[in-house]
Amino acid sequence: MATSPTPKTVAILEARTGEHLAELVSRQGAVPLLAPALEEVPDVDPAAVGMLLQDWVAHPFRMMIFQTGVGTRALFRVTDSLGSTPKLLGLLEQATVVVRGPKPMGELKARGVRIDVRAASPFTSETVMAAIAASPLTGARVVVQRYGEANHRLCEALTARGASVQEIATYRWALPEDTGPLERLIDALARSSVDAVVFTSAVQVKHLFAVAERMSRTAELPALLRGLIVASIGPVCSRALEERGIAPTFEADPPKLGSLVAGLKAALEARTRAD
């Protein structure tokens with residue numbers, strides 16, 4: 001009698017939707033291993049937002065780029081608390097409004113904001129710059145809604161085109177207060193008891209290596225990941241992996257959870273047949 005294959009263990013570094021992703025993995029007959037690699041820490045300074053709006057009135061910004069839904073929502077929460085949302089909406093009416101992806105677009109539509117430019121999939125800094133290629137930027141002031149960390153690639157590209165760039169912080173990414181799950185994941189990788197690792201952001205890669213450094217295991221981590229199914233949500237995440245010597249098994253296309261889960265399912269089935 002043929003024996004059933006041993007279920008594959010899939011490590012999940014996602015925090016916000018980690019439980020949902022774990023449920024989807026379980027439906028595929030795999031065993032999820034949750035190891036959240038980041039938490040989103042509010043980083044909005046109401047005084048800075050107020051000063052930005054005052055500066056905007058005196059010296060208008062020609063363009064504002066919204067990068068994330070979380071950050072867009074956080075910004076409006078602050079302007080709501082300051083009673084300044086009508087002022088922000090009025091200023092946006094006079095500027096070119098650019099969105100990096102569908103999540104900030106949804107938040108802006110809920111506020112009745114007109115969207116002028118939408119970056120194409122896979123929603124990278126490069127596709128943002130491609131989307132605004134026809135917009136004159138020489139001498140223009142551009143405000144960028146920062147996501148969890150400064151987007152040097154985007155800001156440098158805007159500056160190279162002659163723009164004066166100002167970022168507004170809304171939240172930042174930090175290591176979880178409890179890094180125990182990540183430490184246990186690295187131990188599990190060393191025991192060869194993990195079959196796949198799912199990365200849904202570049203910062204998860206960065207934080208996994210930061211914890212490995214604390215454990216004096218940075219040098220061995222790339223080798224521990226090679227040979228496993230390494231799933232990447234998109235090109236920014238893939239770039240972070242490749243910079244550390246790890247080639248993703250596949251990259252979700254388009255860079256969405258549904259495509260990621262479908263790719264993981266196919267990779268797990270192929271690995272099971274090979275075994």
Number of positions in region 28-41 that are within 21 Å of the chain's Cα centre (by Cα), at pLDDT below 95 and surrounded by 13 or more Cβ atoms within 10 Å (Cβ to Cβ): 3
Qualifying residues in region 60-89 (those that are surrounded by fewer than 13 Cβ atoms within 10 Å (Cβ to Cβ) and free of Cβ contacts under 8 Å to residues at least 60 places away in the same chain) - the one nearest to residue 116 (Cα to Cα): 86
Close pairs (6 angstrom Cβ cut-off, 6 or more residues apart or separate chains): β-branched (Val, Ile, Thr) in region 143-160, loosely packed, with under 15 Cβ neighbours inside 10 Å anywhere: none
Only listed residue being surrounded by 15 or more Cβ atoms within 10 Å (Cβ to Cβ), over 30 Å from residue 139 (Cβ atoms), small (Gly, Ala, Ser) and free of Cβ contacts under 8 Å to residues at least 24 places away in the same chain, chosen from 238, 216: 238
Residues (part of a loop (DSSP other than H, G, I, E, B) and closer than 20 Å to residue 194 by Cα) located in region 226-262: 226, 227, 228, 233, 244, 245, 246, 247, 248, 249
Selected residue (criterion: farthest from the chain's Cα centre (by Cα)) from residues of region 159-174 that are in a loop (DSSP other than H, G, I, E, B) and surrounded by fewer than 18 Cβ atoms within 10 Å (Cβ to Cβ): 162
Residue match in region 45-59 (condition: part of a loop (DSSP other than H, G, I, E, B), surrounded by fewer than 17 Cβ atoms within 10 Å (Cβ to Cβ) and among the acidic types (Asp, Glu)): yes
Yes/no for residue 177 being touching a helix residue (DSSP H, G or I) at 6+ places or on another chain (Cβ under 8 Å), of a type in the set (Asp, Glu), over 30 Å from residue 96 (Cα atoms) and outside any strand (DSSP E or B): no
Checking residue 45 against (1) in the same structural domain as residue 119 (by TED's automatic domain parsing); (2) modelled with pLDDT of 95 or more; (3) out of contact with any Phe, Trp or Tyr (no Cβ under 6 Å at 6 or more places or on another chain); (4) at negative phi, the condition it does not meet: (2)
Selected residue (criterion: farthest from residue 183 (Cα to Cα)) from residues of region 5-27 that are surrounded by fewer than 22 Cβ atoms within 10 Å (Cβ to Cβ) and of a type in the set (Asp, Glu): 23
Residue 68 touching a Pro at 6+ places or on another chain (Cβ under 9 Å), at pLDDT below 95, more than 22 Å from residue 48 (Cα to Cα) and β-branched (Val, Ile, Thr): no
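The values are calculated or read from the model by the stated rules, or taken from the named source; none is laboratory data. Just so it is clear, the model here is predicted, and its values are computed rather than measured. Please note: Cβ atoms are built from the backbone with ideal geometry, for glycine as well, and neighbour counts cover all protein chains shown.
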